[in-house]
């Protein structure tokens, strides 16, 4: 899988993704991450990529021309990488999408607090792409025309504002990369993650058996794998009820009858505790 990041701070992106698991995935050839410096494509002799907004207002807006030309360079790189033609969005009928999986416009994501919220389901959807182009904005935003020309999808990692799109892009690359075969090692690939089956993950323990007077749960020392699996599943359900009850409506769809009964008992117990507290 190939990520192409259009940014004013390419070194920030590359330093971030070339470490830890994503760095290992890059070295293994499972993923590639290339950063394109938008400022390299401006026609302004002073290297400007931003200007005041039409209609007035505070701040600056990233201009369409440098981003569009940077995007053309990305398309050229994709074409070069695959050795096949990649359709440009402004040219209709220039490519037969049935002739090659690469013969189509790559998906373009614009990091924006106004966009679709990025979550695990969205990550799984994006992991099916061969090429992803990411645009990192700055200042007050990006000229709307270039977003329309690229048919960019706005994506948000949360309801807050950052100084630029580089951190959201790195967050998304990290999350999506974990779903690409060959990125995770054998240990990581076997783990049950938070949000699997819409449940948060069960608690984890390691050596020593006793730490600061706290004992590892006996069930984990039993060696009885079926009982351990059952305990972990119940812990995930209980922790989801406490920490992320909003996930349970969807999670319940995959519950067994015993798990539904277990959840019902947990909720009854929780309600009883609340009523007791209210009495006092």
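Numbers at a glance
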read-out	value
Matching option when the condition is modelled with pLDDT under 95 and surrounded by fewer than 18 Cβ atoms within 10 Å (Cβ to Cβ), among 81, 105, 27, 48	81
Residues located in the range 142-161, provided they are within 23 Å of residue 75 (Cα to Cα) and either surrounded by fewer than 17 Cβ atoms within 10 Å (Cβ to Cβ) or at pLDDT below 95 (or both)	144, 145, 148, 151, 153, 154
Test for residue 41: is it crowded, with 20+ Cβ neighbours inside 10 Å and in contact with a helix residue (DSSP H, G or I) (Cβ under 9 Å, 6 or more places away or on another chain)	no
Flag if residue 135 is more than 14 Å from residue 6 (Cα to Cα), in contact with a helix residue (DSSP H, G or I) (Cβ under 8 Å, 6 or more places away or on another chain) and at pLDDT 95 or above	no
Only listed residue being at pLDDT 95 or above, farther than 24 Å from residue 178 by Cα, out of contact with any strand residue (DSSP E or B) (no Cβ under 6 Å at 6 or more places or on another chain) and in the same structural domain as residue 62 (by TED's automatic domain parsing), chosen from 126, 75	75
Hey, residue 164 surrounded by 13 or more Cβ atoms within 10 Å (Cβ to Cβ) and in contact with a helix residue (DSSP H, G or I) (Cβ under 6 Å, 6 or more places away or on another chain) or not	no
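The values are calculated or read from the model by the stated rules, or taken from the named source; none is laboratory data. Predicted model, so just to flag it, every value in this text is computed and none were measured. We place every Cβ from the backbone using ideal geometry, glycine too, and count neighbours over all the protein chains shown.
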